[in-house]
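J.: I am attaching a structure below and will ask some questions about it afterwards.
The values are calculated or read from the model by the stated rules, or taken from the named source; none is laboratory data. Being a predicted model, the structure only gives us computed values, none of them experimental. Cβ: placed from backbone, ideal geometry, glycine included. Neighbour counts: every protein chain shown.
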Amino acid sequence: MALALPRRESVLAWLSDRVPAARIKHILGVEQVAGDLARHYGLDEAKARSAGLLHDLAKYFKPQLLLQIAAAEGLELDSVLEAHPHLLHADASAIVARAEFGVVDREILEAIANHTLGRPNMSQLSCTVFIADTIEPSRGNTAELEALRQASVQNLYAAVWQTCDYSLKSLLENRCYIHPRSVLTRNWALQMARSKETGNSTRESIAACNQTGL
Ligand SMILES: [Fe+2]
Ligand SMILES: [Fe+2]
């Protein structure tokens with residue numbers, strides 16, 4: 001039996017009290033693009049849309065509250081998360097989705113929790129939300145974003161590593177801290193894209209990189 005998804009109107013009403021209009025526009029964009037990508041790749045469109053709608057529930061929670069939620073949930077913190085509790089809004093949004101809207105579907109909860117840093121071996125549904133967070137229409141129309149949008153319908157994993165590169169580049173340019181999981185996600189997605197392209201195993205893809213010194 002399919003698990004019930006939260007009512008869209010209830011989520012939107014909750015968001016409208018806590019999130020500025022510009023962010024709601026972004027959230028609706030993520031809902032739409034994640035759903036489109038899911039349909040394109042033969043995944044569960046309703047679940048992708050739901051994860052997109054819920055992904056930024058905790059976006060405007062104060063750092064102290066995010067740290068409290070993380071502690072209550074027993075999340076492991078590292079120095080980057082402690083210095084930048086805002087990064088916890090992804091995990092916190094999944095916790096709020098469960099507590100406020102009764103979401104129990106693991107794949108949806110994981111897609112929400114993975115939307116900022118990704119995670120090696122994350123599901124394809126998580127990949128759709130991760131990519132949608134960066135390429136949804138209100139993010140703009142730069143050449144780089146347009147290239148990402150094209151990549152997103154060609155190869156899901158290639159789009160994940162290119163999304164990681166796009167974000168990492170901006171973090172480097174702005175001298176921001178980089179969470180190690182972003183790098184792990186990027187390397188995993190690159191391997192997945194390469195092994196899909198060549199039919200090689202992940203181990204063979206890494207060996208090929210080592211040989212070429214890339
Ligand atoms: Fe977010
Ligand atoms: Fe977002």
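J.: Name every residue in the stretch 113-131 that is of a type in the set (S, T, N, Q) and either buried (at least 19 other Cβ atoms within 10 Å of the Cβ) or on the phi < 0 side of the Ramachandran plot (or both), in order of residue number.
T.: In the first step, residues of the stretch 113-131 are kept if they are of a type in the set (S, T, N, Q); the result is 114, 116, 121, 123-124, 126, 128.
Of everything in the stretch 113-131, those that are of a type in the set (S, T, N, Q) and either buried (at least 19 other Cβ atoms within 10 Å of the Cβ) or on the phi < 0 side of the Ramachandran plot (or both) turn out to be Asn114, Thr116, Ser123, Gln124, Ser126, Thr128.
J.: Considering the stretch 81-112 alone, what residues qualify as being of a type in the set (A, V, I, L, M) and either loosely packed, with under 13 Cβ neighbours inside 10 Å or more than 16 Å from ligand 1 (Cβ to nearest atom) (or both)?
T.: Restricting attention to the stretch 81-112, the residues satisfying the condition of being of a type in the set (A, V, I, L, M) are 81, 83, 87-88, 90, 92, 94-97, 99, 103-104, 108-109, 111-112.
Those that are of a type in the set (A, V, I, L, M) and either loosely packed, with under 13 Cβ neighbours inside 10 Å or more than 16 Å from ligand 1 (Cβ to nearest atom) (or both): Ala83, Ala99, Val103, Val104.
J.: Shifting gears a bit: Name the residue, out of Ala34, Ala38, Ala70, that is in contact with a helix residue (DSSP H, G or I) (Cβ under 6 Å, 6 or more places away or on another chain) and within 14 Å of ligand 1 (Cβ to nearest atom). Give the derivation first.
T.: Numbers: Ala38 fails: within 14 Å of ligand 1 (Cβ to nearest atom); Ala70 fails: within 14 Å of ligand 1 (Cβ to nearest atom).
From the options Ala34, Ala38, Ala70, the qualifying one is Ala34.
Condition check ((1) at negative phi; (2) modelled with pLDDT under 95; (3) touching a Phe, Trp or Tyr at 6+ places or on another chain (Cβ under 9 Å)) across all residues:
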residue: Leu37; (1), (2), (3): yes, no, no
residue: Asp44; (1), (2), (3): yes, no, no
residue: His55; (1), (2), (3): yes, no, no
residue: Gln68; (1), (2), (3): yes, no, no
residue: Glu76; (1), (2), (3): yes, yes, no
residue: Ala83; (1), (2), (3): yes, yes, yes
residue: Asp91; (1), (2), (3): yes, no, no
residue: Arg98; (1), (2), (3): yes, no, no
residue: Asp105; (1), (2), (3): yes, no, no
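J.: Here's a follow-up. Would you be able to say whether some residue in the stretch 132-148 is within 13 Å of ligand 2 (Cβ to nearest atom), within 8 Å of the chain's Cα centre (by Cα) and either at negative phi or in a loop (DSSP other than H, G, I, E, B) (or both)?
T.: The answer is yes, given that some residue of the stretch 132-148 is within 13 Å of ligand 2 (Cβ to nearest atom), within 8 Å of the chain's Cα centre (by Cα) and either at negative phi or in a loop (DSSP other than H, G, I, E, B) (or both).
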